[in-house]
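To start, the structure under review is shown below, and the notes come after it.
The values are calculated or read from the model by the stated rules, or taken from the named source; none is laboratory data. Predicted model only: the values in this text are computed from it and were never measured. Here the Cβ positions follow ideal geometry from the backbone for every residue, glycine too, while neighbour counts run over all protein chains shown.
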Amino acid sequence: MNANANANPAPVEKPLPQPSALSKAYWEAAAQGRLVLQRCTACGKVRHYPRLICDACYSDAVEWVQSSGRAKVHSWTISHHAFHKGFASEVPYTIVTVDLEEGVRALGRWPTETPLKIGQPVQARFVTGNGRADLVFDPA
Ligand SMILES: [Zn+2]
């Protein structure tokens, strides 16, 4: 029998974001701890996640705007199974869906044990380091 059969396997690294031309500005801001959103310069509609064209007027004219990070809880889920081995040591963890005050929905981690309530005010922030920028929401 192999003496190392019961040894802990080497930890698996979490996957890193792979910015595309479309999402590059989002990830660059995220690395600086800033949440930015696309805004259509033709009609003014804000959108998130980054998309090529506006779903209201079909324009591809876009600018990036700073989000306040203020939001309210829409829903949440508690993940008991890691979708990637890099997250296995963190389960269970909570993913919260929020409505940002700019009128778009976003997903992030809920890093506390504080119980959630629908409509609860929250504040966005990024946890950065090791090439990562993870969006989290804290009670406001
Ligand atoms: Zn538009």
Those residues of region 86-129 which are under 23 Å from PRO50 (Cα atoms), loosely packed, with under 12 Cβ neighbours inside 10 Å and modelled with pLDDT under 95 amount to GLY129
Those residues of region 47-84 which are of a type in the set (A, V, I, L, M) and either surrounded by fewer than 17 Cβ atoms within 10 Å (Cβ to Cβ) or within 25 Å of GLY129 (Cβ to Cβ) (or both) amount to LEU52, ILE53, ALA56, ALA61, VAL65, ALA71, ILE78, ALA82
I need every pair where a residue in region 37-48 that is under 16 Å from SER68 (Cα atoms) has its Cβ under 6 Å from the Cβ of a residue that is more than 9 Å from the ligand (Cβ to nearest atom) and in a loop (DSSP other than H, G, I, E, B), sequence separation at least 6 or different chains. LEU37/HIS48; LEU37/SER67; LEU37/GLU102; GLN38/PRO50; VAL46/GLU102; VAL46/GLY103; VAL46/VAL104; HIS48/VAL104
Near pairs, Cβ below 6 angstrom, 6+ apart or cross-chain, from region 78-103 (in a strand (DSSP E or B)) to any residue that is polar (S, T, N, Q) and surrounded by 14 or more Cβ atoms within 10 Å (Cβ to Cβ): ILE78/THR94; TYR93/SER79; LEU100/SER67
Would you mind telling me which numbered condition in (1) part of a strand (DSSP E or B); (2) within 15 Å of the ligand (Cβ to nearest atom) CYS43 fails? (1)
Enumeration of residues in region 46-86 that are within 16 Å of the ligand (Cβ to nearest atom), more than 19 Å from SER20 (Cβ to Cβ) and in contact with a Lys or Arg (Cβ under 7 Å, 6 or more places away or on another chain): VAL46, ALA56, VAL65
Pairs needed: first member in region 104-119, closer than 21 Å to LEU37 by Cα; second member anywhere, of a type in the set (Ser, Thr, Tyr) and in a loop (DSSP other than H, G, I, E, B); C-beta distance under 9 Å; at least 6 residues apart or different chains. VAL104/TYR49; VAL104/SER67; ALA106/TYR49; ALA106/SER67
